[in-house]
1. Name the residue, out of 182, 216, that is closer than 16 Å to residue 126 by Cα, surrounded by 15 or more Cβ atoms within 10 Å (Cβ to Cβ), in contact (Cβ under 8 Å) with a residue 12 or more places away in the chain and out of contact with any helix residue (DSSP H, G or I) (no Cβ under 7 Å at 6 or more places or on another chain).
2. Applying the selection to the range 38-54, what residues are surrounded by 20 or more Cβ atoms within 10 Å (Cβ to Cβ) and at pLDDT below 95?
3. For the range 146-168: of the residues being surrounded by fewer than 19 Cβ atoms within 10 Å (Cβ to Cβ) and within 22 Å of residue 185 (Cβ to Cβ), which is modelled with the lowest pLDDT?
4. Condition check: closer than 17 Å to residue 38 by Cβ, free of Cβ contacts under 8 Å to residues at least 40 places away in the same chain and under 18 Å from the mean Cα position of the chain (by Cα). Does residue 239 satisfy that?
5. Take the residues of the range 55-77 that are in a loop (DSSP other than H, G, I, E, B) and in contact with a strand residue (DSSP E or B) (Cβ under 6 Å, 6 or more places away or on another chain): which is surrounded by the most Cβ atoms within 10 Å (Cβ to Cβ)?
6. Among (1) closer than 16 Å to residue 153 by Cβ; (2) free of Cβ contacts under 8 Å to residues at least 60 places away in the same chain; (3) touching a helix residue (DSSP H, G or I) at 6+ places or on another chain (Cβ under 8 Å), there is one condition residue 245 misses while meeting the rest; what is its number?
7. So, restricting to helices (runs of 4 or more DSSP H) that lie completely within the range 113-157, which ones have at least 1 residues that are in contact (Cβ under 8 Å) with a residue 60 or more places away in the chain?
8. Please identify the pairs in which a residue from the range 65-92 that is at negative phi and in contact (Cβ under 8 Å) with a residue 24 or more places away in the chain has its Cβ atom under 6 Å from the Cβ atom of a residue that is surrounded by fewer than 16 Cβ atoms within 10 Å (Cβ to Cβ) and outside any loop (DSSP other than H, G, I, E, B), counting only partners at least 6 apart or on another chain.
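The values are calculated or read from the model by the stated rules, or taken from the named source; none is laboratory data. These numbers come from a predicted model, not from an experiment. With ideal geometry, Cβ positions are generated from the backbone for all residues, glycine too; neighbour counts draw on all protein chains shown.
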């Protein structure tokens, strides 16, 4: 569905059901360079179980108007403006990678409507090496190749996903090429410049879930352990065989973990 925030068009998929803000809401946040489609299987599952679903495109990504936002803090402010525009309540926030930094900032600053928070494959910070930063600015196609090459684990590279004939790597490249030209560079710089994670994480209230990928080359275990250490009593699950892009590589396991956590902490009628 499309709606407006600050006179800009915003897009969110609602999982195949009309959005109803009287229901508990599951909000999905994508990572750097991606869009709502990373959550296709999970968003549909919750929409057909009496949840309202918003899998958002951040500004400048696929169907949402640009320009892309330049800082994690600005993205958290924008997310709050989205929630206010749609008058949502009883929110379960589900975030992946860069989305986790946005989720940390949002949850620490705007806790009133939040019922649970899930962080998938991220740390308190996401430093980005200069080679990737420079490529995103000057040679986007090279940066896209790096992101998909490092981001997907063996399932993505060996075409072992649950959808026959689907290539996760090719799909990821297509999504990144479809964003505004400077979206990936803006995302990566926002991640690289974000330093408030250690201050934000202890302020996150309510039930917290962390999902860790055992073969993650973009958010290594040292980084996820630091995130876990700064959160209040998180429920931690490890998927040993997955690379960084958990929602697509192991969508069924991801969905099961989300289902058990959200059903318990933000139940729908």
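1. Numbers: 182 fails: closer than 16 Å to residue 126 by Cα.
Every option except 216 fails the conditions.
2. Our first condition is that a residue be surrounded by 20 or more Cβ atoms within 10 Å (Cβ to Cβ); within the range 38-54, this holds for 38-39, 42-43, 45-47, 51-54.
If the condition is that a residue be surrounded by 20 or more Cβ atoms within 10 Å (Cβ to Cβ) and at pLDDT below 95, then 38 is the only one that fits.
3. The residue in question is 150.
4. Values: closer than 17 Å to residue 38 by Cβ: yes; free of Cβ contacts under 8 Å to residues at least 40 places away in the same chain: yes; under 18 Å from the mean Cα position of the chain (by Cα): yes.
So residue 239 passes the test.
5. Within the range 55-77, the first condition is being in a loop (DSSP other than H, G, I, E, B), and the residues that meet it are 57-71.
Filter again for in contact with a strand residue (DSSP E or B) (Cβ under 6 Å, 6 or more places away or on another chain), leaving 57, 63-65.
Details: 57: 21, 63: 15, 64: 24, 65: 18.
Taking the candidates together, the pick is 64.
6. Just one mismatch for residue 245, condition (2).
7. Values: elements: 130-138, 140-151, 154-157.
Because the criterion is at least 1 residues that are in contact (Cβ under 8 Å) with a residue 60 or more places away in the chain, the helices (runs of 4 or more DSSP H) in the range 113-157 that meet it are 140-151, 154-157.
8. Close Cβ pairs (under 6 Å, with a partner that is surrounded by fewer than 16 Cβ atoms within 10 Å (Cβ to Cβ) and outside any loop (DSSP other than H, G, I, E, B)) amount to 65/8; 65/9.
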